[in-house]
1. In this structure, does Arg316 turn out to be farther than 21 Å from Ile51 by Cα and at pLDDT 90 or above?
2. Which members of the stretch 435-452 meet the condition of being surrounded by 17 or more Cβ atoms within 10 Å (Cβ to Cβ), closer than 14 Å to Gly296 by Cβ and among the aliphatic types (A, V, I, L, M)?
3. Kindly provide the set of residues from the stretch 381-404 that are among the aliphatic types (A, V, I, L, M) and either on the phi > 0 side of the Ramachandran plot or out of contact with any strand residue (DSSP E or B) (no Cβ under 7 Å at 6 or more places or on another chain) (or both), ordered by number.
4. Looking at (1) under 47 Å from the mean Cα position of the chain (by Cα); (2) surrounded by fewer than 23 Cβ atoms within 10 Å (Cβ to Cβ), find the lone condition where His84 falls short.
5. Which one is farthest from Gly452 (Cα to Cα), of the residues in the stretch 394-406 that are surrounded by fewer than 21 Cβ atoms within 10 Å (Cβ to Cβ) and not basic (Lys, Arg)?
6. Report yes if some residue within the stretch 341-348 is open to solvent by less than 70 Å² (accessible area, probe 1.4 Å) and assigned to a loop (DSSP other than H, G, I, E, B); otherwise report no.
7. Out of contact with any Cys (no Cβ under 6 Å at 6 or more places or on another chain), assigned to a helix (DSSP H, G or I) and either within 21 Å of Met157 (Cα to Cα) or of a type outside the set (Val, Ile, Thr) (or both): which single residue out of Leu324, Leu283 fits that description?
8. Quick check on my filter: what residues within the stretch 678-711 are at pLDDT 75 or above, polar (S, T, N, Q) and either surrounded by 16 or more Cβ atoms within 10 Å (Cβ to Cβ) or more than 30 Å from Phe770 (Cβ to Cβ) (or both)?
Amino acid sequence: MAFQLLSYRKGATAKCGNLLFLVIKSWFFISIFLIGGANGSNESIDIGAIIDVDSRAGKEQKTAMIIAAESFNNISRSHKITIHFRNTSNNPIQAVSAAEELIGEKKVQVIIGMQTWEQAVLVADVGKRAQVPVLSLASASNKHLFMQQRWPFLVPMVPNSLEKINCIAAIIRSYHWRKVVAIYEDNTYGGDSEMLAVLSEALQGVNAEIESHLVLPPISSISNPGEIVREEVVNLLKTQSRVFVVLRSSLPLATYLFREAKKIGLMGRDSVWIIADSVSNLLDSVDTSFISSVQGGLGIKIYYSEETKPFLDFTRSFQRNFRLEFPDEHHLEPGIHALQAYDGITAISKAVMELGRKRNTTIASMSLLAKIRSSNFTGLTGNVYFHGEALSSTPIFRIVNVVGKSYKEIGFWSSSFGFVDDLKFEDGKANVGAFNGFQTMQMLTGLVNWPGELNRIPKGWAMPTEAKPMKIGIPGRTSFDKFVKVDWTSSNNTNKNKPEGFCIDLFEEVLKLLEQDYTLPYDFVPYNGSYEDLVDHVINKTYDVVVGDVTILANRSKYVDFTHPFAESGLSMVVPVKREVQRAWIFVKPFTVNMWIATFGILFYTMIVVWYMEHKSNPQFGGSRKDQLGTALWFTFCSLFFAHKENVESNYSKAVVAVWLFLVFVLTSSYTASLTSMLTIPRLEPSVTDIQWIKTTNAPVGCDGDSFVKDYLQNVLELRNIKNIDNQDAYPGEFESGNISAAFLELPYQKVFLKEHCHGYTSVGPTYRFGGLGFVFHRGSPIARDFSKAILTLLENGKLKRLEDVWFSSSMTCSSSDDSFQNESLRFESFWGLYLISCATSTICFIMFAARLLKEAWKTGNQNNATSRSRIKGALDMVVELAPYQLRNGSSRMGRARTFAQRWKSSQWDLVSPADPSEHFEDSPPGENRPKATSSLTFEICPTGPYLRI
């Protein structure tokens with residue numbers, strides 16, 4: 001609608017026209033406003049904000065909420081957001097009172113804020129009674145079960161602390177720190193142990209533990225925070241760990257904490273400070289004095305993108321409003337607290353807008369709560385959407401290192417990909433699937449500036465100094481002084497006694513290797529007590545280390561850390577030896593039972609093979625079957641002594657016998673040498689053979705009473721008659737006097753004892769193994785890990801072996817002697833190769849011989865079928881031709897001719913070898929006339945009938 005005023009008069013007429021124009025214009029705008037209000041009423045949504053306006057986080061939250069509300073009010077025609085702020089100074093009681101007042105008087109439809117979880121759950125209880133949604137800006141210590149049932153109107157707008165604690169545990173695992181000290185600011189009413197329990201569980205997963213924890217009172221509850229914090233921080237000097245984790249703290253309390261820690265030296269070399277997000281998120285806004293007191297600390301900050309257009313627009317509005325609202329603040333950049341508060345108001349405004357589209361005149365609390373929980377949008381902190389009762393997005397943490405006047409970025413961590421140097425983005429969002437992260441922070445390219453300008457990874461442990469050297473306990477009284485020996489007569493001051501021994505020299509060699517990285521000032525303190533008491537003194541921190549021949553046991557490992565074992569450990573029984581009585585059956589001892597069985601087995605197998613190949617063609621193996629087998633057995637047995645007289649004709653038999661004779665030569669030589677040794681060298685045997693005899697007879701045994709051995713003999717081996725032996729030189733006297741029948745010594749001591757008394761004692765029975773000998777350190781000590789690496793280095797380069805040769809070398813009388821009681825019978829395992837060759841040769845020759853016989857039989861059968869008729873005719877003609885010849889040779893020949901004729905008629909003909917015709921025909925006596933040309937006659941039986949062959 002257009003209005004036009006025409007001026008046709010001047011002067012007063014013109015003025016009257018102008019006045020009329022203003023009245024009409026005002027009436028027009030008022031009409032438009034009234035019409036608009038009548039058509040769509042601007043409903044006010046009242047929001048209550050409970051924050052700590054005195055803190056930096058509260059100031060950022062207030063400014064961000066105002067900006068978010070203005071943004072919504074500028075675009076909404078149907079609804080208007082009004083925020084009612086209440087300052088509670090982090091007091092839970094004030095928060096409850098503020099919530100009741102906002103709901104009762106201001107009729108707020110939703111409450112947002114609360115910087116601590118204690119405030120959030122108390123306000124949620126109020127909201128539950130009034131059915132008012134409560135949006136919490138505080139992170140829960142853990143993922144609470146049944147949160148929706150306990151606090152149905154509570155909506156957490158920030159992730160819980162579980163991911164943050166997992167990030168801290170990942171950092172600790174990266175550097176192999178074993179013990180930490182947890183520090184946190186308690187809530188107003190105490191008893192906040194949930195976060196500590198979550199940290200303890202996370203550390204167990206990375207092989208670490210909480211050594212101690214420091215609980216500081218809320219800053220608002222103490223009048224002299226500097227003095228209170230100083231008294232508490234001094235107690236940290238009593239702990240061994242120097243890895244301090246600040247789980248939760250307000251910025252004012254953290255300022256006192258770091259200042260006092262720096263004064264007493266806890267910010268020095270080999271110390272580590274890991275600062276959680278409650279403080280790290282505010283590093284951008286702290287002053288230089290705070291930064292200087294926490295130099296070298298590691299912080300974790302929740303990551304958010306600073307390059308998106310919404311963030312840049314929000315930053316400009318935030319800086320303008322923040323400068324006007326809080327002129328005393330010098331840092332104008334928004335932090336994570338501002339972004340979370342902005343996203344919280346945005347979630348409410350989007351829910352209101354969704355409900356407003358349905359032309360609702362009144363927005364119900366339940367509808368508003370449901371819409372908020374169904375939110376799914378990209379906010380300034382990232383994706384905002386819920387799954388159940390909590391945010392579903394996994395946070396990404398920035399790892400920062402405080403250095404100089406600010407901090408530097410080391411990398412990023414998330415439970416989805418581990419540690420990475422940089423993030424990859426797609427459409428302004430971090431692409432989690434594109435990351436190939438590391439499991440350890442040491443793989444990151446960014447270098448950490450550690451406290452005290454340390455150029456290596458801190459040990460995270462209270463390292464010894466010249467003013468406070470490492471106190472090392474050593475056994476003052478040992479049974480075997482080659483390991484540790486203290487000269488008590490050299491000085492009245494026991495601390496000045498210079499100990500010696502294998503363990504002392506090994507300790508000094510380890511220190512030489514460790515001096516490349518750091519020095520360890522130390523003092524030896526001899527202790528006259530049992531080894532159990534010595535280990536207990538490490539547990540109660542009387543000693544820092546125990547250097548000596550301490551056995552690694554499972555029960556001890558629960559409370560202390562051992563180095564890698566430098567000597568094997570086990571328990572064995574040592575007994576005197578006596579001369580063995582000559583026995584009648586000693587001639588069978590050179591071979592074991594298996595050896596005898598194998599020898600006789602190969603003998604009979606060779607006998608059978610030779611017999612089979614010789615009995616048909618060799619007359620020396622002829623005769624009845626009984627005679628044949630007897631001859632073969634005699635032949636094989638005589639070959640053991642190379643006294644056989646029978647000759648073998650087959651080449652296959654010769655090959656078998658040749659290999660067999662070589663086997664016999666080796667066996668007889670070995671048997672003779674072993675039996676000679678047994679008969680000529682004095683043999684010794686142990687006086688006690690096994691532990692069962694000791695149990696049955698209740699014979700007395702000796703052991704070192706200061707070690708664990710006595711308890712082991714009583715509780716495990718169930719021995720009762722046990723005598724303590726205090727010195728290695730006392731064992732021979734106890735054996736000779738009959739006070740003990742056996743001694744139970746650990747393997748290192750047994751070796752020393754047997755090297756010095758090699759002729760009269762031996763070890764028998766099983767060896768009961770243990771963990772070895774090692775040095776003892778406090779549980780979680782990183783020095784123990786360094787000692788283990790050094791011991792492995794000494795093992796590999798041979799220095800440990802040279803130390804053993806120096807301290808445990810054999811005596812002159814034992815170095816050239818033999819342990820005659822260690823002679824053993826010859827075993828089958830030493831000769832199985834020869835047995836295999838002999839058996840294989842016999843088998844191959846047997847197979848080849850049998851194959852040849854089968855081949856000849858097959859050829860003979862084919863020839864017989866073709867010439868059967870001619871052979872019968874030839875045989876008859878031969879009979880006719882032989883008749884005159886028989887008559888000329890007299891009656892004796894005639895007799896044989898008759899015999900021949902009888903054999904012709906008989907059916908008992910056998911196969912006769914062509915090479916032996918004398919079985920049927922004999923030569924004429926000397927001088928008797930006979931034809932010069934003679935023919936051998938063979939009568940054969942074939943399948944078609946008998947025939948004679950000339």
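1. On the way: farther than 21 Å from Ile51 by Cα: yes; at pLDDT 90 or above: yes.
Yes; evaluated as a whole, the condition is true for this residue.
2. Across the stretch 435-452, the qualifying residue is only Val448.
3. Step one: filter the stretch 381-404 for residues among the aliphatic types (A, V, I, L, M), giving 384, 390-391, 396, 399-400, 402-403.
Matches in the stretch 381-404: Val403 only.
4. It is condition (1) that His84 fails.
5. Filtering the stretch 394-406 for residues that are surrounded by fewer than 21 Cβ atoms within 10 Å (Cβ to Cβ) and not basic (Lys, Arg), the one farthest from Gly452 (Cα to Cα) comes out as Thr394.
6. Start the filter on the stretch 341-348 by keeping residues that are open to solvent by less than 70 Å² (accessible area, probe 1.4 Å), which leaves 341-348.
Still in the running and assigned to a loop (DSSP other than H, G, I, E, B): none.
No, the conditions are met nowhere in the stretch 341-348.
7. Details: Leu283 fails: assigned to a helix (DSSP H, G or I).
So the residue among Leu324, Leu283 that is out of contact with any Cys (no Cβ under 6 Å at 6 or more places or on another chain), assigned to a helix (DSSP H, G or I) and either within 21 Å of Met157 (Cα to Cα) or of a type outside the set (Val, Ile, Thr) (or both) is Leu324.
8. Ser707
The values are calculated or read from the model by the stated rules, or taken from the named source; none is laboratory data. Please read all numbers here as calculations on a predicted model, not as lab measurements. All Cβ positions, glycine included, derive from the backbone under ideal geometry; neighbour counts span all protein chains shown. Surface areas here come from the heavy atoms of the whole protein model, side chains and all, with no ligands, DNA or RNA. Shrake-Rupley method; radii C 1.70, N 1.55, O 1.52, S 1.80 Å.
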